[in-house]
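In what follows, a single structure is set out as structure tokens and then discussed.
The values are calculated or read from the model by the stated rules, or taken from the named source; none is laboratory data. Note that the structure is predicted; figures quoted are calculated from it, not measured. Backbone-built Cβ (ideal geometry, glycine too); neighbour counts: all protein chains shown. We work out accessible area using only protein heavy atoms, side chains counted, and drop any ligands, DNA or RNA first. Shrake-Rupley method; radii C 1.70, N 1.55, O 1.52, S 1.80 Å.
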Amino acid sequence: MSSEATQRDASALESAEEAHLLVEARPRQALALANRALAAASADGDVTAQVAALRSVAWAQLKLGDARAASAAMRTGIRLANRNGDRQGAALLRRLLAASLSLSGRTRAARREIDAAVADLSGLERARSQVHRVEIHRTSNAADPSIDRAVLSDAARGLQTLRRAGDDVWEARLLYNRGALYFDRGDLDRAESDFRRALEIQTRHGAEFVVADYTLALAEVALLRGDVVTSLKAIEDARDVLPPSPLSNLGRLLVLALTQARLLPEARAAGEEYVTLCSRTGRADYVAAGLLDLAAIGVMARDPVAARAFASSAVRSFAAHGKVASAALARGTYLRARLLEGTVSRSSLRSGLDAAAVLEELGWHRDSLRIRITIARVALEIGALHVARRQLELAAPLGARGTASDRIEVCHAQALLELAAGRPGAAERRLARGMRLLDEYRAALGAIELRAAASSIGADLPRLGLRLALESRRPAKVLAWAERLRANALRLPPVRPPADKQLRELQTQLRRATADSRTSDQTRLEAAIRSRARIVEAASGAPAALPDARQAARLLGNRALVEYFDLDGALHAVTLVDGRLELHDLGAASAAGELEWLRFAYRRLAAGRMSAEQRAAVRANAETAATTLDQLLVQPLLPVIGEAPLVLVPTGVLHALPWSALPSVRGRPLVVAPSLAMWCELARRPPSRRRKTALVAGPRLRHAAREVREIDALRPRATVVHGRAAVSAATLAALDGAALAHLACHGHFRADSPLFSSLELADGPLNVYELQRLKRAPEVVVLSACDLALSQTHPGDELLGFAAALLGMGTRTIVASVVPVPDAAARRLMLAFHRDLLAGFGPAAALARAQAGARTPGFICLGAG
């Protein structure tokens with residue numbers, strides 16, 4: 001062979017090895033380099049270099065998610081190496097093939113390949129092989145604990161060899177895989193230690209791709225400890241670095257984080273996308289894990305049919321691939337779905353006990369304990385109290401060291417056990433402890449969306465407490481538990497998002513996309529804004545206290561409180577009038593249907609384009625629906641509440657009710673509050689000495705400019721923003737610190753994404769996320785157009801929307817509509833309202849006076865009044 005050919009051969013081999021070193025940091029660049037090395041080696045007939053290049057090609061393709069192409073390259077390389085007598089080359093490719101087989105769910109074949117590879121390797125390469133051996137063992141769910149110990153022992157020896165050789169890159173890989181094994185077994189301290197050491201090494205080497213992935217592994221440890229914000233932040237930071245590959249931690253962690261944050265529609269969409277990606281790239285094992293995630297989401301979303309179907313598919317897939325532990329885990333989720341469905345039996349109990357025993361034997365202690373809580377619930381359902389008691393005793397460690405969700409679930413199960421044993425007082429104490437844990441967890445979150453969604457974790461606790469209180473017929477206890485059930489996120493101190501240049505730029509881009517009707521860009525930008533807004537840290541300070549009846553009575557004065565709640569299909573109310581609490585059963589009739597008729601009628605009236613006869617018919621329909629609602633909601637309470645001004649705390653769909661349309665309260669001052677606690681917190685604040693008034697007129701609203709001019713004539717020192725000057729920045733500046741802000745702007749309530757509910761301004765929408773940038777929320781806000789008093793209701797009567805966000809930020813009172821209102825009628829009503837405000841009436845009284853002489857009952861007064 002000539003010297004020139006020898007140099008080319010050396011160059012091809014060196015390029016193949018260089019590509020191999022590059023795969024972790026830059027897989028696409030590594031693949032290109034490996035393909036060039038393969039072409040050069042093939043041209044020169046150098047089989048050794050070809051084998052090395054094929055190994056680099058295969059690994060790069062594997063990292064990039066192309067499992068089929070990777071497998072083809074590996075098998076070609078193994079055949080070449082065997083024909084050439086290159087045992088080490090063949091063994092190195094077998095090692096990589098073993099990893100690929102494991103990822104596709106063929107764990108038995110993977111174990112055969114890795115054992116064959118290790119047998120033909122020695123020294124440093126044998127130590128490196130432990131990287132794959134640990135991972136294959138982890139994903140295979142080996143049913144023999146002695147294998148577990150042997151694998152960990154071999155891994156420890158491999159680490160020593162790698163450290164002596166100074167091979168810190170492979171050391172990092174082995175540490176990472178061993179950390180993942182510890183993580184699966186629930187040993188979070190050891191897992192975190194290995195992940196951190198691996199991350200330090202890869203950071204030193206500048207492997208951006210790997211650093212991002214290892215950071216996500218640490219974030220998953222944090223997630224398991226209950227720190228969902230750290231996980232969401234790590235996901236946000238990794239999005240621009242990691243490709244959408246199932247080999248990356250990104251897709252699965254996103255599903256897990258959204259699930260733990262109880263953002264269930266998003267979690268399900270992310271889970272379905274992850275399963276699709278895994279199916280497309282041939283990752284059968286990852287598909288089964290994704291199906292199990294979807295089953296868990298179905299349970300949390302109270303969709304037992306979907307949960308059972310997903311869990312059943314996951315059980316079959318795991319069992320087919322010999323994954324004993326994962327199959328047991330899926331059986332536990334299937335049992336939760338059956339419990340939710342109400343179809344458990346003694347055979348369900350046996351199935352759960354078997355699954356828990358398998359997980360315990362294999363070292364999956366945390367997951368075993370979680371299934372034991374479910375078994376206890378099943379045992380209570382079928383009357384096996386002794387089994388339930390024993391399972392909760394075994395699950396006790398979760399009550400002390402589990403996530404917030406774990407500890408709350410333990411409290412709920414313990415309360416059910418106490419109740420079954422005939423100890424309602426002890427049950428109530430367990431429930432109260434669970435609520436304190438939920439309060440602590442919610443207070444650790446910053447984003448209002450996360451706070452609201454978190455309430456679903458413990459939604460069953462206050463409902464059970466309320467059920468016990470109703471049985472006691474003690475109104476004070478009923479009121480206390482009704483308050484624990486609703487709008488607790490709004491009691492927390494408001495959080496101001498940090499100055500974020502990227503977030504502001506995303507908002508600017510969103511306004512442009514909305515103006516240009518670029519729907520796909522709008523969807524993408526909203527997702528980016530939503531993700532960044534969730535990682536805000538919690539504010540310091542205590543939540544607003546839950547009031548007792550005496551405190552509330554002093555604040556109410558001559559007003560009457562009516563707090564509604566729905567339990568087990570029946571509507572109830574608690575009234576507090578002149579210091580006296582009373583409980584009222586309003587029956588099983590549903591308000592939802594009549595309310596929808598009423599809202600439909602008002603939407604038609606606001607739209608216009610009807611003859612006089614049609615308009616009269618629609619008004620008659622509205623009046624009929626309003627009278628029916630009045631008979632259900634107010635008339636039974638009239639002997640108690642009389643003609644007093646009202647503080648109303650609705651529940652569920654009643655948050656969307658235009659209360660002044662009801663005959664019994666028409667013309668009477670009333671204020672609607674998310675909770676009594678929220679009303680008390682706002683009412684006890686003395687009115688500020690601020691004098692700033694802001695008047696804003698938005699575009700495309702026919703009477704907006706005239707409305708603002710007329711109010712400006714009443715309040716000549718007001719800051720007026722209108723026309724082309726009514727842009728987001730100017731509007732926010734006008735609102736900041738205002739005593740009164742009047743906004744004559746079109747608005748859009750977004751039921752699909754309530755924090756993107758917005759005001760329409762000259763440069764586009766001003767949404768809730770931007771509103772949170774205010775340093776001082778306006779004290780009184782008037783929204784004279786649109787239906788921005790609406791909020792989306794989450795479990796626990798948590799509210800999300802434009803008005804709810806303002807209340808949470810500290811706005812004392814909001815006047816807005818829950819139904820569309822004709823522009824001209826709204827202008828006349830608003831002018832009368834402002835005259836009465838200037839005459840000394842409070843907002844609730846001024847609105848009642850203005851509406852008494854108008855046919856526009858859609859406006860309500862929210863907050864303190």
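The table for this structure:
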quantity	calculated
Residue match in the stretch 457-466 (condition: assigned to a helix (DSSP H, G or I), touching a Ser or Thr at 6+ places or on another chain (Cβ under 6 Å), open to solvent by 10 Å² or more (accessible area, probe 1.4 Å) and under 30 Å from residue 772 (Cβ atoms))	yes
Pairs, first closer than 14 Å to residue 726 by Cβ in the stretch 694-714, second of a type in the set (Ser, Thr, Tyr) and in a helix (DSSP H, G or I), C-beta under 6 Å, six or more apart	696/731
Residue within the stretch 392-409 that is closer than 24 Å to residue 477 by Cβ, open to solvent by less than 30 Å² (accessible area, probe 1.4 Å) and touching a residue at least 24 places away in the same chain (Cβ under 8 Å) present	yes
Flag for residue 517 being of a type in the set (Ser, Thr, Tyr) and open to solvent by 50 Å² or more (accessible area, probe 1.4 Å)	yes
Pick from the stretch 617-675, criterion among the hydroxyl-bearing types (Ser, Thr, Tyr) and not in a helix (DSSP H, G or I), ranking: surrounded by the most Cβ atoms within 10 Å (Cβ to Cβ)	675
Those helices (runs of 4 or more DSSP H) lying entirely in the stretch 188-244 with at least 3 residues under 16 Å from residue 27 (Cα atoms) and open to solvent by less than 30 Å² (accessible area, probe 1.4 Å)	208-224
Number of the exception - residue 277 against (1) part of a helix (DSSP H, G or I); (2) crowded, with 19+ Cβ neighbours inside 10 Å; (3) under 23 Å from the mean Cα position of the chain (by Cα); (4) touching a residue at least 24 places away in the same chain (Cβ under 8 Å)	(2)
Elements of type strands (runs of 3 or more DSSP E) contained in the stretch 789-865, each with 3 or more residues being among the aliphatic types (A, V, I, L, M) and crowded, with 24+ Cβ neighbours inside 10 Å	813-817
Index of the failed condition, residue 359 passing every other in (1) at pLDDT 95 or above; (2) buried (at least 23 other Cβ atoms within 10 Å of the Cβ)	(1)
Residue check for residue 410: within 19 Å of residue 300 (Cβ to Cβ), in a helix (DSSP H, G or I) and not basic (Lys, Arg)	yes
Test: residue 339 is modelled with pLDDT of 95 or more, surrounded by fewer than 22 Cβ atoms within 10 Å (Cβ to Cβ) and over 30 Å from residue 266 (Cα atoms)	no
Filter result (open to solvent by 50 Å² or more (accessible area, probe 1.4 Å) and not aromatic (Phe, Trp, Tyr)) within the stretch 583-606	585, 588, 589, 590, 594, 596, 603, 604
Single unsatisfied condition, residue 542 versus (1) open to solvent by 50 Å² or more (accessible area, probe 1.4 Å); (2) among the aliphatic types (A, V, I, L, M); (3) more than 30 Å from residue 623 (Cβ to Cβ); (4) without any contact (Cβ under 8 Å) to a residue 24 or more places away in the chain	(4)
Residues that are part of a loop (DSSP other than H, G, I, E, B), open to solvent by less than 10 Å² (accessible area, probe 1.4 Å) and under 24 Å from residue 820 (Cα atoms), drawn from the stretch 699-738	726
Test: residue in the stretch 76-90 that is within 26 Å of residue 289 (Cβ to Cβ) and open to solvent by 40 Å² or more (accessible area, probe 1.4 Å)	no
Qualifying positions in the stretch 163-184 - open to solvent by 30 Å² or more (accessible area, probe 1.4 Å) and outside any helix (DSSP H, G or I)	165, 166
Which numbered condition residue 580 fails, given (1) surrounded by fewer than 18 Cβ atoms within 10 Å (Cβ to Cβ); (2) at pLDDT below 90; (3) of a type in the set (Lys, Arg)	(2)
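Every residue, every condition in (1) touching a residue at least 60 places away in the same chain (Cβ under 8 Å); (2) more than 22 Å from residue 803 (Cα to Cα); (3) open to solvent by less than 10 Å² (accessible area, probe 1.4 Å); (4) assigned to a helix (DSSP H, G or I), yes or no:
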{"site": "483", "(1), (2), (3), (4)": "yes, no, yes, yes"}
{"site": "510", "(1), (2), (3), (4)": "yes, no, yes, yes"}
{"site": "513", "(1), (2), (3), (4)": "no, yes, yes, yes"}
{"site": "523", "(1), (2), (3), (4)": "no, yes, no, yes"}
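Conditions tested, residue by residue: (1) of a type outside the set (Ser, Thr, Tyr); (2) touching an Asp or Glu at 6+ places or on another chain (Cβ under 7 Å); (3) at pLDDT 90 or above.
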residue: 739; (1), (2), (3): yes, yes, yes
residue: 758; (1), (2), (3): no, no, yes
residue: 761; (1), (2), (3): yes, no, yes
residue: 764; (1), (2), (3): yes, no, yes
residue: 774; (1), (2), (3): yes, yes, yes
residue: 778; (1), (2), (3): yes, no, yes
residue: 781; (1), (2), (3): yes, no, yes
residue: 792; (1), (2), (3): yes, no, no
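So that you can scan it fast, the table gives a plain yes or no per residue for (1) farther than 28 Å from residue 109 by Cα; (2) under 28 Å from the mean Cα position of the chain (by Cα):
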residue	(1), (2)
155	no, no
175	no, no
181	no, yes
214	no, yes
218	yes, yes
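Residues are listed down the side, and each one gets a yes or a no for (1) outside any helix (DSSP H, G or I); (2) among the charged types (D, E, K, R); (3) under 17 Å from the mean Cα position of the chain (by Cα); (4) crowded, with 24+ Cβ neighbours inside 10 Å:
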{"site": "422", "(1), (2), (3), (4)": "yes, no, no, no"}
{"site": "435", "(1), (2), (3), (4)": "no, no, no, no"}
{"site": "441", "(1), (2), (3), (4)": "no, no, yes, no"}
{"site": "446", "(1), (2), (3), (4)": "yes, no, yes, no"}
